[in-house]
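Engineer: This is the structure, below, for whatever I ask next.
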Amino acid sequence: MSKKETILKRIKIIIVGVEETGKSTLVRQLSGDAKSIEHHAKDGSSITVGFDIGVVEMDDYIMHFIGTPGHQRFEFAKKIATCGAHIGILMLDGETISENGVQAREKAFEQELIDMNIPYLICLNKSDILDETVTDTVKPHFNLPIHLISAKTGQGVDKLQGALQNLIETTPMTWSSSLQKKIRTAIVKMA
Ligand SMILES: Nc1nc2c(ncn2[C@@H]2O[C@H](COP(=O)(O)OP(=O)(O)O)[C@@H](O)[C@H]2O)c(=O)[nH]1
Ligand SMILES: [Mg+2]
């Protein structure tokens, strides 16, 4: 193990939200060599049945982005993937919200992050195909400001990263050495 590896703190950032909102796409956008445990259907679509993992190294810490499954039937996998998280990102699908409005399930995901007692950010995804005014429709339903992004094109992702860095630098975090070891083991297994 390199000296750098023993010193750097590993920050676990979970991305939660309804299925098809773009969680896996965001992990891939943030980290070039992201890995995913997905089921690929014959029609070419894929769903996350385990989790996505992407690693981004900064000078003083390493961020581990964990995309979680949105389907309720994979709730058990989400519970495992979110365990011990330091920060959350709630992903909202601007396309479906434009069509159907904000649903109870989306708000329930925010409540889960509140119940986990971790700091979090909210992203409204798919800005590349949205009328920007949708942000105003969404805002009143949630407790924090909304980051309008496109996980696909990268639009707004720089600003999101800035907000994330700010959150990391201003939030006191505790470190469990066993959790740090588990994260490292999961990455080695998926590499
Ligand atoms: N137009 C558009 N489509 C997106 C964006 N992000 C994800 N998608 C599409 O939304 C679908 C679901 O994305 P995925 O990352 O698998 O969602 P997940 O189920 O939340 O992990 C895929 O077809 C993606 O290509 C985006 O920013 N813009
Ligand atoms: Mg996914």
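The values are calculated or read from the model by the stated rules, or taken from the named source; none is laboratory data. Predicted model only: the values in this text are computed from it and were never measured. Note that we place each Cβ from the backbone using ideal geometry, even for glycine, and neighbour counts take in every protein chain shown. Side chains are part of the model used for accessible areas, which takes the heavy atoms of the whole protein and leaves out ligands, DNA and RNA. Shrake-Rupley method; radii C 1.70, N 1.55, O 1.52, S 1.80 Å.
Engineer: Kindly rank 67-78, 14-25, 93-104 from highest to lowest mean number of other beta carbons found within 10 Å of each residue.
Structural biologist: On the way: 67-78: 17.9, 14-25: 23.6, 93-104: 15.6.
Peptide ranking by packing, descending: 14-25, 67-78, 93-104.
Engineer: What FRET efficiency comes out for residue 169 versus residue 75 if R0 is 30 angstrom and r is the Cβ-Cβ distance? Round to the nearest 0.05. Please list the in-between numbers first.
Structural biologist: Details: r = 32 Å, r/R0 = 1.08.
The value I calculate is 0.40.
Engineer: If you roll a 1.4 angstrom probe over the protein chains with everything in place, what fraction of the accessible area of the chain belongs to carbon and sulfur, to the nearest %?
Structural biologist: 52 percent
Engineer: Of 64, 44, 127, whose Cα points farthest to the positive end of the dipole of the chain (charges on the beta-carbon: +1 Lys, Arg; -1 Asp, Glu; origin at the Cα centre)?
Structural biologist: 64
Engineer: What is the extension gain from residue 103 to residue 39, computed as 0.36 nm multiplied by their sequence separation minus the C-alpha to C-alpha distance, in nm to one decimal?
Structural biologist: On the way: separation 64, 0.36 × 64 = 23.04 nm, distance 2.60 nm.
Separation in residues times 0.36 nm, less the Cα-Cα distance, equals 20.4 nm.
Engineer: Here is a further query. Could you put 33, 128 in order of accessible surface area, largest first, with the 1.4 Å probe and the full protein assembly present?
Structural biologist: Numbers: 33 100, 128 75 Å².
Heavy-atom accessible area, descending, gives 33, 128.
Engineer: How high is the relative contact order of the stretch 3-183, in percent, counting Cα pairs under 8 Å that sit 6 or more residues apart?
Structural biologist: Values: 317 pairs, mean separation 38.1, N = 181.
Averaging sequence separation for qualifying contacts and normalising by length gives 21 percent for the stretch 3-183.
Engineer: If you don't mind, there's one more thing I want to ask. Can you tell which of 94, 143, 170 lies farthest toward the positive end of the dipole of the chain, using +1 and -1 charges on the Cβ of basic and acidic side chains (Lys, Arg; Asp, Glu)?
Structural biologist: The residue sitting most towards the positive pole is 170.
Engineer: Give me the net charge of residue 164's neighbourhood, meaning all other residues with Cβ under 13 Å from the Cβ of residue 164; Lys, Arg count +1, Asp, Glu -1. Show your work: numbers first, answer last.
Structural biologist: Values: positive: 12, 159; negative: 158, 169.
Summing Lys/Arg as +1 and Asp/Glu as -1 gives 0.
Engineer: Classify the chain from the C-alpha gyration tensor, please: rounded if a/c falls under 1.5, else prolate or oblate depending on whether a/b exceeds b/c. Numbers along the way, then the final one.
Structural biologist: On the way: a/c = 1.66, a/b = 1.38, b/c = 1.20.
Note, shape of the chain comes out prolate.
Engineer: Give, rounded to the nearest 20 debye, the magnitude of the charge dipole that the chain has about its Cα centre when Lys and Arg contribute +1 at Cβ and Asp and Glu contribute -1 at Cβ.
Structural biologist: Details: 22 positive and 24 negative charges, 208 e Å.
That gives a dipole near 1000 debye.
Engineer: Sticking with this structure for a sec: For 105, 10, give the ranking by accessible area with the largest first, probe 1.4 Å. Show your work: numbers first, answer last.
Structural biologist: On the way: 105 75, 10 15 Å².
Largest accessible area first, the list is 105, 10.
Engineer: Counting only pairs 8 or more residues apart or on different chains, how many lysine pairs in the stretch 1-145 have their Cα atoms under 19 Å apart?
Structural biologist: 17
Engineer: Right, something else. Please work out the average accessible area per residue across the chain, using the 1.4 Å probe convention, and give it in Å². Don't skip to the answer; put the middle values down first.
Structural biologist: On the way: 10120 Å² over 191 residues.
Value returned for the chain: 53 Å² of accessible area per residue.
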